[in-house]
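Each remark here refers to the structure printed beneath this line.
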Amino acid sequence: MKIGARGLLAATALAAGSAAASAHVTVQPNEAVAGSYFQLAFVVPHGCDAKATVALRVKVPDGVTSVKPQMKPGWNVEIKTRKLDAPQPGQHGKTISEVVDEVSWRGGPLPDNLYDTFGLMMKLPDTPGGNLYFPVVQECEPGVHRWIEIPATGQNRDDLREPAPLVRLKPKSP
């Protein structure tokens, strides 16, 4: 069976469009040792309905005690904190009374046909075997994607329309 150049071009465009439509914000790497310091990157593979991304907001899950965002040229970073119900022991004998609740990057814009990463360094909770979900809101000009869905117990994450990025917490090696 012969496929002409136009047929091949059309099939390639269809496959590329399908991949872009199903792509979502992810986090890399998506596994880490519980209780460790960890550097991760949120990967933004596309905009919203072919429109450029102008903001990314990341909700930091409970149990993460220290967060430092990556500075990106052309983007402003905002850090929102929240008070803890009770102070917790921190590193180097310090006491922690508030933690980072949300990190936002605004600027760019990041065109739909390009991708970029938005990094965080953090101290992970010491709870091996668990998952940390990072709800993300991606704002575009105009439009929005809310990558905030967290699967219920027994639900397959792949069945969600806009799943929140996650990091699986592994036990420390013996």
Could you work out the local net charge near residue 78, counting Lys and Arg as +1, Asp and Glu as -1, over the other residues with Cβ closer than 12 Å to its Cβ?
-> +1
Per the helix-only model, the chain has a calculated mean residue ellipticity at 222 nm (DSSP H runs of ≥4, -39500 (n - 2.57) each, divided over all residues, rounded to the nearest 500) of -3500 deg cm²/dmol
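Can you classify segment 77-174 as rounded, prolate or oblate using the Cα gyration tensor, where a ≥ b ≥ c are the square roots of its eigenvalues, rounded means a/c under 1.5, and otherwise it's prolate if a/b beats b/c and oblate if not?
oblate
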Note down the relative contact order for the chain as a percent, whole number, built from C-alpha pairs under 8 angstrom at least six residues apart.
-> 31
Note, segment 117-124: 3J(HN,Hα) by Karplus (6.51, -1.76, 1.60, θ = phi - 60°), whole Hz, Gly/Pro = x, goes 10, 10, x, 9, 10, 7, 9, 7
Karplus-derived 3J(HN,Hα), 6.51/-1.76/1.60, for each residue of segment 144-150, Hz, glycine and proline x | 7, 10, 10, 7, 10, 6, 10
Leading residue at positive end of dipole, the chain (Cβ point charges), from 100, 87, 30 | 30
Projecting the Cα atoms of 114, 125, 74 onto the charge dipole of segment 62-128, where Lys and Arg contribute +1 and Asp and Glu -1 at Cβ, the residue farthest towards the positive end is 74
Residue-wise HN-Hα coupling along segment 65-77, computed from phi with Karplus coefficients 6.51, -1.76, 1.60 (Hz; x: Gly, Pro) = 9, 8, 9, 9, x, 7, 7, 10, x, x, 10, 9, 10
The chain pair-distance distribution - Cα-Cα, 5 Å bins, rounded % = 2, 8, 15, 18, 17, 14, 10, 7, 4, 2, 2, 1, 0, 0, 0
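How big is the antiparallel share of DSSP beta bridges in the chain, given as a percent to the nearest 5?
90
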Which whole-number percent is the relative contact order of segment 91-174 (Cα, under 8 Å, 6+ apart)?
-> 27
Can you list residues whose amide H is under 5 Å from residue 127's amide H, if they're 5+ apart or on another chain and H is modeled 1.01 Å from N?
-> 35
Computed accessible area, residue 67, all protein chains, 1.4 angstrom probe, square angstrom | 20
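Quick one: of 51/170; 59/83; 68/172; 83/172; 94/172, which pairs are farther than 26 Å apart, Cα to Cα?
Values: 51/170 37 Å; 59/83 15 Å; 68/172 23 Å; 83/172 29 Å; 94/172 24 Å.
Table pairs above 26 Å Cα-Cα are 51/170; 83/172.
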Between the helical axis of 5-22 and the dominant principal axis of the chain, each derived from Cα atoms, what acute angle in degrees is found, rounded to the nearest 10?
-> 20
Sorted by accessible area (1.4 Å probe), largest first, how do 115, 37, 133 line up?
-> 115, 37, 133
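The values are calculated or read from the model by the stated rules, or taken from the named source; none is laboratory data. Predicted, not measured: the structure shown is a model, and the values here were computed from it. Cβ: placed from backbone, ideal geometry, glycine included. Neighbour counts: every protein chain shown. The accessibility values were calculated without ligands, DNA or RNA, using every heavy atom of the protein model including side chains. Shrake-Rupley method; radii C 1.70, N 1.55, O 1.52, S 1.80 Å.
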